[in-house]
Amino acid sequence: MELIKVRDYNEMSQKAAEILIGKVKGSEKINFGLATGGTPKGLYEKMIEDHQKNGISYKNVTTFNLDEYAGLSEEDPNSYHYYMNESLFKHIDILKSNTHLPKGISEHLEKECSEYDKMIAENGGIDLQVLGIGQNGHIGFNEPGTSFKSNTHVVKLAESTREANARYFDTIDDVPTHAITMGIASIMKSKEILLLVSGEAKQEAMGKLMHGEVTEEFPASILQKHPRVTIIADQKALSRVLITP
Ligand code: GLP
């Protein structure tokens, strides 16, 4: 794993944007895996700024998001569909038909899951997967205990994850109990992974990621086994890592 140390959230977002924009410019066609949450917001803002200033086109880009809450419609302001449209897609010239997220509402959620993996494979797989990390080491919504062999699946969210994400909802009771997420095996199939980590709340997770054992109890630890992972982490996230060799 390559570690890029940056000062703060802004610098993390800037570096990440440079990497993604470089790939868009340098490829005839590229498939990005995208993440939601607070962490990649700055990255998306920088991409929008760049698009408006330099006119880089996203018509050659296809995206697959990691996850979606179960039971929320695409129009629900707390859905990840809504987040992606508002935070990125509607501000750039990406073709709506090239943007994909798991469906949160379906009579056949399990079938949706297997079709999502199939669609990614049929499109040639993910070239670069952007990831954030949960405080308990989750990636996507793969909570501790998830099999490293998992494909896209329906998950029951950990209470700590619901609490961490409650800040976006009116009350914690409104936070869905389940979600659909790309599995660990789906994520590990990406040709390259870019993990963004910022803030004190991620110190412990960062320490375990860099120095901990590879275990399903800490899902992000599997990234130690991927051949091409770049981590961009800021000083606050790294402070504990630096004092614990
Ligand atoms: C959420 C998302 C993850 C995200 C993580 C961290 O639950 N499903 O994809 O990486 O939590 O979120 P944040 O970036 O807001 O800290």
If you check Ile120, Ile56, which single one turns out to be more than 15 Å from the ligand (Cβ to nearest atom), within 30 Å of Glu28 (Cβ to Cβ) and at pLDDT below 95?
Ile56
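If a residue counts only when it is under 16 Å from Leu66 (Cα atoms) and in contact with an Asp or Glu (Cβ under 9 Å, 6 or more places away or on another chain), which strands (runs of 3 or more DSSP E) contained entirely in the stretch 118-192 have at least 3 such residues? Show your work before the answer.
Numbers: elements: 128-131, 153-156, 178-181.
Fully inside the stretch 118-192 and qualifying: 153-156, 178-181.
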If Asp127 satisfies all but one of (1) among the acidic types (Asp, Glu); (2) within 13 Å of the ligand (Cβ to nearest atom); (3) surrounded by 15 or more Cβ atoms within 10 Å (Cβ to Cβ), what's the number of the condition it fails?
(2)
Name the single residue, out of those in the stretch 1-40 being over 27 Å from Asp117 (Cβ atoms) and among the basic types (Lys, Arg), that is nearest to the ligand (Cβ to nearest atom).
Lys15
Any chance the stretch 109-121 includes a residue that's closer than 30 Å to Glu217 by Cβ, touching a residue at least 60 places away in the same chain (Cβ under 8 Å) and of a type in the set (Lys, Arg)?
no
List the pairs whose first member sits in the stretch 151-166 and is within 15 Å of Gly38 (Cβ to Cβ), whose second member is among the hydrophobic types (A, V, I, L, M, F, W, C) and within 11 Å of the ligand (Cβ to nearest atom), and whose Cβ atoms are under 7 Å apart, counting only residues at least 6 apart or on separate chains?
Asn165/Val175; Ala166/Val175
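Could you check, for the stretch 80-88, whether at least one of its residues is touching a residue at least 24 places away in the same chain (Cβ under 8 Å), within 16 Å of the ligand (Cβ to nearest atom) and not in a helix (DSSP H, G or I)?
Taking the stretch 80-88 first, the residues touching a residue at least 24 places away in the same chain (Cβ under 8 Å) are 80, 83-84, 87-88.
This time we only want the ones that are within 16 Å of the ligand (Cβ to nearest atom), so: 80, 83-84, 87-88.
Now restrict to residues that are not in a helix (DSSP H, G or I): 88.
Yes, the stretch 80-88 contains a residue that is touching a residue at least 24 places away in the same chain (Cβ under 8 Å), within 16 Å of the ligand (Cβ to nearest atom) and not in a helix (DSSP H, G or I).
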All-but-one check, Ile21 against (1) outside any helix (DSSP H, G or I); (2) modelled with pLDDT of 95 or more, failing number (1)
Looking at the stretch 200-233, which of the residues that are among the charged types (D, E, K, R) and away from the ligand (no atom under 16 Å from the Cβ) is nearest to Ile19 (Cα to Cα)?
Arg228
How many residues of the stretch 203-245 are within 15 Å of the chain's Cα centre (by Cα) and under 13 Å from Asn136 (Cα atoms)? The answer is 2
Filter the stretch 210-221 down to the residues that are modelled with pLDDT of 95 or more and assigned to a helix (DSSP H, G or I), then identify the one that is surrounded by the fewest Cβ atoms within 10 Å (Cβ to Cβ).
Ser221
The stretch 67-89: number of residues that are within 27 Å of Ser57 (Cβ to Cβ) and exposed (fewer than 15 other Cβ atoms within 10 Å of the Cβ)
1
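The values are calculated or read from the model by the stated rules, or taken from the named source; none is laboratory data. The structure presented is a predicted model; accordingly, all values stated were derived computationally and were not measured. Cβ coordinates were reconstructed from backbone atoms using ideal geometry, including for glycine residues, and neighbour counts include every protein chain displayed.
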